[in-house]
1. Express the relative contact order of the range 102-150 as a whole percentage, based on alpha carbon pairs under 8 Å and six or more residues apart in sequence.
2. For the chain, find the longest principal axis of its Cα atoms and tell me its angle to the long axis of helix 137-146, 0 to 90°, nearest 10.
3. Out of I104, I180, I51, any idea which swings most in a Gaussian network model of the chain, alpha carbons joined below 10 Å?
4. When ranked by the protection proxy of mean other Cβ atoms within 10 Å per residue, highest first, what sequence do the peptides 55-64, 138-147, 83-92, 188-197 form?
5. Give the angle, between 0 and 90 degrees and rounded to the nearest 10, that separates the Cα long axis of helix 238-248 from the longest principal axis of the Cα atoms of the chain.
6. Give the relative contact order (percent, whole number) for the chain; include only Cα pairs under 8 Å separated by 6+ residues.
7. I'd like to know which of A142, L278, Y254 lies farthest towards the positive end of the charge dipole of the range 131-289, counting +1 on Cβ of Lys and Arg and -1 on Cβ of Asp and Glu.
8. Can you show me the helix-derived [θ] at 222 nm for the chain, built from DSSP H runs with n ≥ 4 at -39,500 (n - 2.57) apiece and divided by the number of residues, rounded to the nearest 500.
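Quick note: the coordinates plus some simple rules give every number you see, no bench work behind them. Every value quoted in this text rests on a predicted model; they were computed, and no experiment measured them. Note: ideal-geometry Cβ built from the backbone for every residue, glycine included; neighbour counts use all protein chains shown.
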Amino acid sequence: MKELRYSHSSPLKVIYVIVLLSISGYVCSEKIETVKITFLGTGTSQGVPVIACECGVCTSSDPNDKRLRASLLVDTALNTFVIDAGPDFRQQMLNARVKKLDAILLTHEHKDHIAGMDDLRAFNYRSQAAIDIYAEERVQAAVRKEYAYVFSENHYPGVPKMELHNIDSYNLTIKGDTFIPLRVFHYRLPIYGFRIGNMAYITDANYIPEETKEKLIGVKYLVINALRKEKHISHFSLGEALELVQEVSPRKAYITHIGHQMGKHADVNRELPVNVTLAWDGLEVYCED
Ligand SMILES: [Zn+2]
Ligand SMILES: [Zn+2]
């Protein structure tokens with residue numbers, strides 16, 4: 001039997017095919033150009049339902065009242081990113097059927113945002129490479145401490161492989177995609193939100209400085225955190241989040257990092273302005289211009 005081999009196409013033939021595909025609109029189709037976000041988790045640090053809680057939200061049968069820890073999948077024409085990798089990271093990767101991960105961006109070092117990174121191993125096996133992690137220096141130090149076995153000199157061969165990269169207040173270009181880091185405050189802790197194109201993602205904040213608000217000008221899709229209706233020391237309340245939405249005036253705003261005290265998804269959504277909705281796990285949004 002004759003052995004089958006992949007033939008190497010000549011460069012001219014490749015160019016001809018690319019031109020044909022471009023003319024037919026197959027390459028650079030609009031859907032691919034648009035940033036797509038998927039809410040992997042929309043819950044506060046404990047998730048919803050809360051263990052052992054018997055409140056109306058925690059016992060609700062509405063699937064939208066089940067919230068994994070806050071995390072966002074960002075698909076661009078070039079890359080797949082995840083913002084934060086909390087304790088539900090494994091389940092979130094399975095739910096969204098993520099096969100390739102180009103980088104993780106971390107907003108801050110609290111457990112509900114970094115606890116799932118041991119499961120990066122699956123992506124290491126697939127890509128045979130370390131996963132790039134972007135975080136500011138303080139957060140990197142926390143990751144090194146939390147995952148000391150990953151960064152120790154003589155480590156066990158099966159440990160996850162991650163490569164830490166710095167974030168500062170300047171634009172962050174990762175493999176051809178540019179994020180704008182957004183400095184916000186989680187009580188006294190300075191943390192980052194991220195803008196890519198016309199979408200901004202801010203979680204765990206309760207204060208946004210003026211210079212960051214300037215970076216939100218022109219945002220059409222705003223994701224903002226709100227824990228509950230009552231005021232909280234380190235998270236926006238629903239009312240405070242709605243004030244920010246009014247200021248930024250996006251086409252659409254999505255609330256995330258929601259606690260069980262917020263109330264039932266369906267009830268709260270009925271009370272919100274038309275351009276605002278509580279996000280839910282699995283919600284996909286194409287951030288069209
Ligand atoms: Zn959090
Ligand atoms: Zn509850």
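1. Numbers: 33 pairs, mean separation 24.1, N = 49.
Relative contact order for the range 102-150 comes out at 49 percent.
2. Roughly 90 degrees, rounded to the nearest 10.
3. Greatest mean-square fluctuation among the candidates belongs to I51.
4. Values: 55-64: 14.1, 138-147: 16.0, 83-92: 22.5, 188-197: 20.0.
Ranked from most to least packed, the peptides come out as 83-92, 188-197, 138-147, 55-64.
5. Taking Cα atoms only, the helix is inclined about 60 degrees.
6. Numbers: 572 pairs, mean separation 53.2, N = 289.
RCO, the chain: 18 percent.
7. Checked the options; the winner is L278.
8. On the way: 10 runs with 72 residues, N = 289.
Using -39500 (n - 2.57) per qualifying helix, the result is -6500 deg cm²/dmol.
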